[in-house]
Amino acid sequence: MTAGPRSPSHDRPARRALWLGMGLLLLAAAFLLLGAAVGSTGLDSLRALREDPVARQIVLDIRLPRTLGAWLAGALLGLAGAVAQGLFRNPLADPYLLGSASGASLGVSLALLVAGLSPAAATAAGWWLQLGVTGAAFVGAVLAVLLTLALARGVQHTLRLLLGGVIVGVVLGAAKDLVALSAPEILQSMQGFTLGSTSFLGWPAALLMGGVLAACALAARLLAPVLDGLALGEATAASLGLSLPRWRAALVAVLALATGTAVAQTGLIAFVGLAAPHLVRPLVRSTHGALVILAALMGGALLMAADLLARWLIAPQELPVGVLTALLGGGYLLWLMHRHGGLGGGRGA
């Protein structure tokens, strides 16, 4: 028995998702070209950049990896945000919900504290110094998620997992503050990490985030039916034959890896992971298979735009990119709440 032709109404969401994805990719390409031209003095002439070897090296070794890295970090946060909102069935969920942000901040504060010790003590802690601030942030984020899982006694209960993440975030945040207060010399560096920055992204960071993004996008795409099942309720998902504890653990692993990698490279970028899925849902009503990919593309575009504005608005100085994402993303979510009477009104999928 052969299946009949599909109705055009069934193909319309898929076509809209495809067009939106292509549009976001074209927007990212335009931002990448613009990022090559935006420097400390504002918008440079691309012709002058081609004729000046020094300017060309600046473009190839500083501006392009920074702009591409901003897209990759935003894509990781957007994907993590879509996974978190589907996993917790909460439109207010963001990638930092399991305590990864506080864990990364604590890791960075400890690494900076070690780096500021006496030469003898620094030599004794050489392995930690070699790990570096980036490694400390990633390890701190992952350990915070593991602590949340231990506190919640696994992933069987979504509410317990959510509360565990809140508690871990508060406790580790307080520990970070104690470390910073004990060593005031690290406060300025900690402020840079807390506000978020794309200034130090290079090709190694871009390659690392690109590999992690590819792995997380593939895993999230394969796990999308689990998120669709959870959207119908846990009882319904279990009746469909889904092994919820095992699949929840896989989703938490994707969430932790994507978030930890992005935070380790850029610091705490606010609202990108929360706002990106909300920007996609009013445009395309689809299952999580398309949503997680489109949210990643939207997150990348958001962070690229914020990075360009941070470099251009008050050139030759820069604004912290995390401040701009908080203003733009927070402003959009406030407008969305005013329009729909709450964030749930804009939710599709």
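The values are calculated or read from the model by the stated rules, or taken from the named source; none is laboratory data. Everything quoted here is computed from the prediction, not taken from an experiment. Using ideal geometry, Cβ is built from the backbone for each residue, glycine included, and neighbour counts are taken over all protein chains shown. What goes into the accessible areas is simple: the full protein's heavy atoms, side chains included, and nothing from ligands, DNA or RNA. Shrake-Rupley method; radii C 1.70, N 1.55, O 1.52, S 1.80 Å.
Taking 0.36 nm per intervening residue step and subtracting the Cα-Cα distance, what contour gain separates ALA215 from ALA253 on full extension?
Values: separation 38, 0.36 × 38 = 13.68 nm, distance 1.15 nm.
Result for the pair: 12.5 nm of gain on full extension.
Report the FRET efficiency, 1/(1 + (r/R0)^6), for ARG246 and MET337, where r is their Cβ-Cβ distance and R0 is 51 Å, rounded to 0.05.
0.90
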Place the peptides 198-211, 178-191 in order of packing, highest mean first, counting for every residue the other Cβ atoms within 10 Å and averaging per peptide. 198-211, 178-191
Please give the FRET efficiency for LEU25 paired with ALA150, using the beta carbon to beta carbon distance and R0 = 30 Å, rounded to the nearest 0.05. 0.15
Relative contact order as a percentage, segment 162-283, C-alpha pairs under 8 Å and 6+ apart, gives 36 percent
Along the Cα→Cβ direction, 7 angstrom out, place labels at ALA315 and ARG12. What is the inter-label distance in nm? 4.4 nm
Quick check on packing: order 29-35, 333-339, 94-100 by the mean number of other C-beta atoms within 10 Å, highest mean leading. 94-100, 29-35, 333-339
For the ranges 311-317, 226-232, what's the packing order if you count other beta-carbon atoms within 10 Å of each residue, average per peptide, and put the highest first? 226-232, 311-317
How large is ³J(HN,Hα) for each residue in segment 71-76, as worked out from phi by the Karplus curve 6.51 cos²θ - 1.76 cosθ + 1.60 (θ = phi - 60°), to whole Hz, x for Gly and Pro? 5, 5, 5, x, 5, 4
Residues whose modelled amide H sits under 5 Å from the amide H of ALA270, counting only those 5 or more places away in sequence or on another chain, are ALA326
Unit Cα scatterers, Debye sum, segment 143-231: log10 I(q)/I(0) for q = 0.15 Å⁻¹: -0.95
Rounded FRET efficiency, nearest 0.05, which uses the C-beta distance separating ARG285 from LEU187 and R0 of 45 Å: 0.45
Take ARG281, ARG153, ARG221 and sort them by solvent-accessible surface of the protein heavy atoms, 1.4 Å probe, largest at the top. ARG153, ARG221, ARG281
Residue by residue through segment 279-293, what is 3J(HN,Hα) from phi via Karplus (6.51 cos²θ - 1.76 cosθ + 1.60, θ = phi - 60°)? Round to whole Hz and write x for glycine and proline. 6, 7, 4, x, 8, 9, 9, 8, 6, 5, x, 7, 4, 5, 6
Using each residue's phi in segment 143-148, evaluate 6.51 cos²θ - 1.76 cosθ + 1.60 at θ = phi - 60° and report the 3J(HN,Hα) Karplus result to the nearest Hz, with x for Gly and Pro. 5, 5, 5, 5, 5, 4
Check VAL38: other-chain or 5+ apart residues with amide H under 5 Å from its amide H, H built from backbone geometry? ASP44
